[in-house]
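The values are calculated or read from the model by the stated rules, or taken from the named source; none is laboratory data. Remember, predicted model here, so these are calculated numbers, not experimental data. Note: ideal-geometry Cβ built from the backbone for every residue, glycine included; neighbour counts use all protein chains shown. Accessible surface areas use protein heavy atoms only, side chains included; no ligands, DNA or RNA. Shrake-Rupley method; radii C 1.70, N 1.55, O 1.52, S 1.80 Å.
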Amino acid sequence: MTSLRYEAPETVEDAVRLLADADGEARALAGGTDLLVQLRTDLVRPGLIVDLKRIPRLMEVSANGAEIRVGAAVSGAVLGKSEAVKAAWPGVVEALELIGSTQIQGRASLGGNLCNGSPAADSVPALIAAGAVCEVAGPGGTREVPVEDVITAPGRLALGPGEIVVSFVMPKPPARSGDAYLRFIPRTEMDIAVVGAGVALTLGEDGVCTHARLGLGAVAPTPLLVEDGAKALIGTKVDDEALAALAAAASAACNPIDDKRGTVEYRVKVAGVLARRAALIALERARSNG
Amino acid sequence: MATATKETGNGNGALKYVGTRPWRPDGVDKVTGRAKFGADISLPGMLVGRVLRSPHAHARIRSIDTSAARALPGVKAIVTRDEMPEVPSQWVPAGEVQVNYRDMSQNVMAREKALYDGHAVAAVAATSAAIARQALDLIEVDYEVLPHVIDVREAMQADAPLLHDDMFTQGVEPAPETPSNVFKKVYFSTGDLEKGFAEADVIVERTFTTKPVHQGYIEPHAVVASAGEDGQCEVWCCTQGQFTVRAYCANLLGIDIGKINVTPSEIGGGFGGKTVVYLEPVALRLSQLAGRPVKIVMSREEVFRASGPTSGGAMTIKMGATRDGRMTAAKAWLAYQAGAFPGSPIQPGCMCVFAPYDIENAEVEGYDVVVNRPKVAAYRAPGAPISEFAAEGVVDELAKKLGIDPAAFRLMNAAKEGTRALYGPKFGPVGCVETLEAARSSEHYRTPLGPNQGRGIATGFWFNIGGESCATINVNEDGTATVIEGNPDIGGSRASIQLQAAEALGIPPERVRPLVADTSSIGYTFLTGGSRVTFATGMAAIEAAGKVVQQLRERAAKIWDIPVDAVEWEDGYARPSGSNAGDFEPMSLAEIAAQAGKTGGPIAATASINAQGAGPGFGTHVCDVEVDRETGRVTILRYTAVQDAGKAVHPSYVEGQIQGGAAQGIGWALNEEYIYDEDGRLENPGFLDYRMPVASDLPMIDAVIVEVPNPNHPYGVRGVGETPIVPPMAAVANAIENATGIRMTDLPMSPPRLLAAMDNGGANGGA
Ligand SMILES: Cc1cc2nc3c(=O)[nH]c(=O)nc-3n(C[C@H](O)[C@H](O)[C@H](O)COP(=O)(O)OP(=O)(O)OC[C@H]3O[C@@H](n4cnc5c(N)ncnc54)[C@H](O)[C@@H]3O)c2cc1C
């Protein structure tokens, strides 16, 4: 019979050591809304679980100077109460809050959403659009990894043994900035994104777009940063023509598969539709952040 | 019948408790979590059972080696085909469908072949779940994988992989000489079809498909079985029919019926899907071998891979009408998937397809087809939603071509009292016209729509059944009463039986406690299905109450020393009447009950009936949708469901049934489907990807009750549980057509399909 060891360290260093020194398979545990489900259905059978929720750094939200820092294990319910983050990156908060239901919100975290490695994770395209960077701690010390570089293939991460994500760092956006995340699901909740699109943009005083980022989910083996999406908007007034170019760039970036959640044709088309709709919301927000 | 009670016959106006909305007797336990469901039962020494299931859609089982699993410490019993008795083929009626014991036996445990992904091939009982799981890993099954077939039309082809070598289509002349996957052909006709189409000014012909859909009950199948050394067997399980479980276990395992007692737990939904057995005979066999109780609970994945669903279908419908709106001819060709064993609801599908209409010339041809999927089980109004979805689409298109309002067109042709149904009988009083009129005159039907919005209407029919029921009423010494009955309560039937008994006794419902008994404590009662319980078991309760009232009058007569004929029963009181009127103070039921010991002993009565004359149910639904033209998403904006309940005994639970049926039908229409990979493995065995609607997907469904009394029930009751799932698929499809101009003929009308159809300028999304 297999046994399962549970540890709840109180420092990042202890967590890293426990994970790095484990003999068999070891897993970090944040909210458990992915991990516990996978355990119950025999998808994973780890020998060690390291709960990260007792580590203060992973449970804090802070906004100081030019930066916003969100602990990797902060739940959607907690982040949704942070006025500072909501004011700066409403799209990121909304993306995390889309996950699951009220019960799931009490637990689900950005770190877990990213590190589960799903190309359809809802918060990831929004984090990519926001330009978020992960602070990663491991046996060799701490390093920074942009969110778009973390997932390398479905279920595979650019993290080494014993490495964990400690927090997400996002810049404080300048005036006239806005972001938004939209996903398409056949139902209204409790579903997995068929397509997800996050857009962040900044306007100059003249209303011309000076900065933009487009993140897409569920349309390729990993979440994508779409550089051509940014190019479609920067230097424009985000008019219909620019939005059409954005939609085309989004569709062109897709490299999806036909699966039970959607056909290739459908995902490619809807990626463009959602990118445009998300950009319109981001634009509206940027204009009211004068 | 209780001759001296006041409220017999159709004196609906005089009803005191029937038609009110007290708390349901099971409500508090359910919302507090106190209610005991299938998986909540535990016994001392109980073992954990787990089932090994075929990973192949179609495979010959060459051998099963259980030796390594048997050697594992903690494993107490293993069952494979070798431990299950071989059962001969025998068809028996089971309410709305027929069952075959050989097929049932081979469905609960595969014999020569595994016929679908998820088919049980072995089961283990062990001292812990972990050991049971490990034991399953140690069982070696040698499969010869065979070609499989999933689609109903493909399965009908001459070169399709054969599931059963000995299946020769029944109902065709001359009898075929080669076996096929077509189990039987059903045929009905009336009038002269050619003449009918010749009279028509407009003819519409369309081909439709629907996908199998699961009943989606929230509670997975669960059982605890215990076989004693003396051969006495106890079974606790979540089921819609404890007597059915008893009979099936007895037949499959060769046990006397009298040696098995089955106790039904509370049930977390069934919708027809818990009228069959999967785990019960296996758990009982394991218990016989292990000498200890065995519990098996399915995972959600097992529920999807191995239980339910209802059929998917392929249908061609052709209908004609005259310019002035008279339907002159209708023709249907229907093929239903039965799953791995014959027995799809093709017969009721054929009988219902045109039932809402009075059409002189009609012909229906149907086929029951086996495919490599789980054997279908009943699902609310089995068979009817599939064929009526297709017919109601064609009816809508005819109305459009004729330029007649779709509700008015339906009304012009609606079935009414005296209409002869295609399958034979003439309707008595029915509410088809009344539901259509209520829908047409509703505020909803007249409210203007916005851009990209559309409105659809559809009517549906279901027979409803009666059948065998028992009820016992025990009058307690304080004047309360207990009604014991044999129908697991899946839709509020305890409340409706409580109310009917209270009405007949003349005491408030809170003084009548209903109880669902095990098979040894109440007489044979057919399962909860066919919308029969409030009608049939309600009648048994009324009859038992009548017998109790007779005894109460006798006791009062004895106390007063007057003839029993001079005692009348009114409102829960015995009163002297006739020449004795006013001679004595009226005596309440409680006062008579308190003296029962002195006047002849306990007061109790049982009624056992075979209820005839279930009133058919009609419903008409109106649905508004908004279509997102860029994503194909359909939002249900507003939904009104009208239904004839005969008499709504507890209106809240009638509304609940109507709303639930509509909600399930909307899921069937928009998103629910089984997705199989190339090898015939189910890819979406869970609620994440098998997309039933969630609460936020639906508006509040307005339920409108129409009451056209059923003359065969003392209070006018008709069944209500099934009809509401019949109209939604067509109501949604008709609304989408109204919004987009595109007739969707294939379910589900999911966003990718609808978007593809819109992008192709109207061609349908494909099967
Ligand atoms: C009912 C339900 C609905 C859901 N709906 C959605 C939805 O709408 N959208 C969506 O995107 N997801 C959804 N999910 C999935 C899940 O809730 C999210 O992915 C959630 O964000 C996971 O966070 P968690 O904290 O619970 O992660 P956990 O389950 O604790 O962890 C997930 C994985 O990440 C690893 N991990 C966790 N934290 C770290 C860290 N700091 N560093 C390194 N590795 C780490 C774990 O080892 C594990 O492998 C749903 C899940 C359920 C059960």
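Averaged over peptide B:278-287, how many Cβ atoms belonging to another chain are found within 10 Å of each residue's Cβ?
Taking all residues of B:278-287 together, the mean is 0.
Might you report the magnitude of the Cβ-based charge dipole of the protein assembly as shown about its Cα centre, with Lys and Arg at +1 and Asp and Glu at -1, to the nearest 20 debye?
Value, rounded to 20: 740 debye.
When the solvent-accessible surface of protein heavy atoms is calculated with a 1.4 angstrom probe, in what order do B:ARG153, B:ARG513, B:ARG753, B:ARG638 fall, highest first?
I get B:ARG513, B:ARG153, B:ARG638, B:ARG753, largest accessible area first.
Starting from the Cα of A:ASN289, step 7 Å along the direction of its Cβ; do the same at A:VAL44; then give the gap between the two resulting points in nm.
3.3 nm
What number comes out for accessible area per residue over the range B:365-433 if the probe is 1.4 Å? Units Å², please.
Per residue, the range B:365-433 has 25 Å² of solvent-accessible surface.
Which order do the peptides B:719-726, B:352-359 take when ranked by the mean count of other beta-carbon atoms within 10 Å per residue, highest first?
Final packing ranking: B:719-726, B:352-359.
Compute the accessible area of each residue in the range A:252-288 twice, once for its chain alone and once with every protein chain present, using a 1.4 Å probe on heavy atoms, and list those whose area falls by at least 40 Å².
Flagged in the range A:252-288: A:LYS260, A:ARG261, A:TYR266, A:LYS269, A:ARG277.
Averaged over peptide B:629-636, how many Cβ atoms belonging to another chain are found within 10 Å of each residue's Cβ?
Mean shielding by partner chains, rounded to a whole number: 4.
Taking accessible area as the heavy-atom solvent-accessible surface of the protein chains with a 1.4 Å probe, which residues of the range A:1-37 lose no less than 30 Å² upon going from the isolated chain to the full protein assembly?
The answer is A:MET1 - residues whose exposure falls by at least 30 Å² when every protein chain is included.
Percent relative contact order of the range B:130-248, based on C-alpha pairs within less than 8 angstrom and at least six residues apart?
11 percent
Estimate the FRET efficiency between B:LEU515 and B:GLU591 by the formula 1/(1 + (r/R0)^6), using the beta-carbon distance for r and 25 Å for R0, to the nearest 0.05.
Given R0 = 25 Å and the Cβ-Cβ separation, E is 0.55.
Please compute the net charge surrounding B:ASP697, taking Lys and Arg as +1 and Asp and Glu as -1 over other residues with Cβ under 11 Å from its Cβ.
Value of the local net charge: +1.
Over chain A, give the accessible area per residue in Å² for a 1.4 Å probe, as an integer.
On a per-residue basis, 43 Å².
For chain B, give me the percentage of DSSP beta bridges that are antiparallel, rounded to the nearest 5 percent.
So the antiparallel bridges amount to about 75 percent of the total.
Given a 1.4 angstrom probe, I'd like the percentage of the accessible area of the protein assembly as shown that is carbon and sulfur, rounded to a whole number.
Here it works out to 50 percent.
So for the pair B:ASN452, A:THR188, with labels modelled 7 Å out along Cα→Cβ, what separation do we get in nm?
1.6 nm
Can you list, largest first and rounded to whole Å, the semi-axes you get for the protein assembly as shown by taking the square root of 5 times each eigenvalue of its Cα gyration tensor?
After scaling each eigenvalue by five and taking roots: 52, 37, 32 Å.
What residues does the range B:659-701 have that are buried by at least 50 Å² of accessible area in the full protein assembly compared to the chain on its own, 1.4 angstrom probe?
B:LEU688, B:ASP689, B:ARG691, B:VAL694
What's the extension gain from B:ALA581 to B:LEU289 if we count 0.36 nm per residue and subtract their Cα-Cα distance?
Gain in length upon complete extension: 98.3 nm.
In Å², nearest 100, what accessible area do chains B and A bury in total when the solvent probe is 1.4 Å?
Chain pair B/A: roughly 2300 Å² of buried accessible area.
Would you calculate a helix-derived [θ] at 222 nm for the protein assembly as shown, using -39,500 (n - 2.57) for each DSSP H run of n ≥ 4 and dividing by the full residue count, to the nearest 500?
So the calculated ellipticity at 222 nm is -8000 deg cm²/dmol.
Bin width 10 Å, origin at 0, all Cα-Cα pairs of the range B:229-337: what percent of pairs per bin?
12, 33, 21, 12, 11, 7, 3, 0
Give the calculated FRET efficiency between B:VAL145 and B:THR482 to the nearest 0.05, with a Förster radius of 56 Å applied to their Cβ-Cβ distance.
Calculated value: 0.50.
Within 10 Å of each Cβ of B:127-134, how many other protein chain Cβ atoms are there on average?
1
As an exercise, use a Förster radius of 22 Å and the Cβ-Cβ distance of B:THR207 and B:TYR187 to find the FRET efficiency, rounded to the nearest 0.05.
0.70
Report the gain in length on full extension from B:ASP677 to B:ALA198: 0.36 nm times residue separation, minus Cα-Cα distance, nm rounded to one decimal.
Extra length from B:ASP677 to B:ALA198 when fully extended: 167.9 nm.
Please sort by residue number the GluC sites (Glu not before Pro) in the range A:204-277 whose DSSP state is loop and whose Cβ has at most 10 other Cβ atoms within 10 Å.
Passing both the DSSP loop test and the Cβ count: A:GLU205.
How far, in nm, would the chain grow between B:ALA35 and B:ARG70 when pulled straight, counting 0.36 nm per residue and subtracting the alpha carbon separation?
Difference between extended and current length: 8.9 nm.
At a temperature of 4 °C and a viscosity of 1.567 mPa s, determine how fast the range B:654-712 diffuses translationally according to Stokes-Einstein, using the Kirkwood radius over alpha-carbon pairs as Rh; express D in µm²/s, rounded to the nearest whole number.
93 µm²/s
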